[in-house]
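All of the numbers you see were taken from the coordinates with simple rules; none came from a lab. Quantities reported herein were computed from a predicted structural model and do not represent experimental measurements. Here the Cβ positions follow ideal geometry from the backbone for every residue, glycine too, while neighbour counts run over all protein chains shown.
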Amino acid sequence: LPLCFPQKLWKMLESEQFRSIWWSEGGKCVAINKELFKEEVLGRAGHQRVFNTQRIKSVIRQLNLYGFTRMQRDVQRSASLPEFLAEEEAVSAHSQILYYYNPYFSRTHPQLLETCMRR
């Protein structure tokens, strides 16, 4: 039997094989480096393929269908110009990272994976 989307996601997160997706927030959120994910995961072909798509939008749609919500990162800004410019650079690099949360998808509670149902 093929794995459903949350199971595939879990296996990827627990694998040492992928650098583009990881647990964040102490295992409560999924972090995805968008550009690296496109190359590393969605760029695979043949038996190496993880998902039946090559589009990040399709993966995001699946996340939403399974009850994941996008988390926003709050960034405090400095008043001084040099610090502000350095922070802007960090924020633009950080904007490539997407964070998704689902209360039934937690690293410390793998038994909840069964309750991750498609809407």
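Among the lysines, which have Cα under 19 Å from the Cα of Lys11 when same-chain residues fewer than 8 positions away are ignored?
Lys28, Lys34, Lys38
For the pair Ser80 and Glu35, how long in nm is the line joining their label points, each one 7 Å along Cα→Cβ?
2.9 nm
For the charge dipole of segment 25-64, defined by +1 on Lys and Arg C-beta atoms and -1 on Asp and Glu C-beta atoms about the Cα centroid, which residue among Ala45, Ile32, Ser58 has the Cα displaced farthest towards the positive pole?
Result: Ser58.
Work out how much length Arg61 to Ser24 would gain on full extension: take 0.36 nm times their residue separation and subtract the Cα-Cα distance, in nm to one decimal.
This chain segment gains 11.3 nm when fully extended.
Which value does Rg/Rh take for segment 16-57 over its C-alpha atoms, Rh per Kirkwood?
Radius of gyration over Kirkwood radius for segment 16-57 works out to 1.00.
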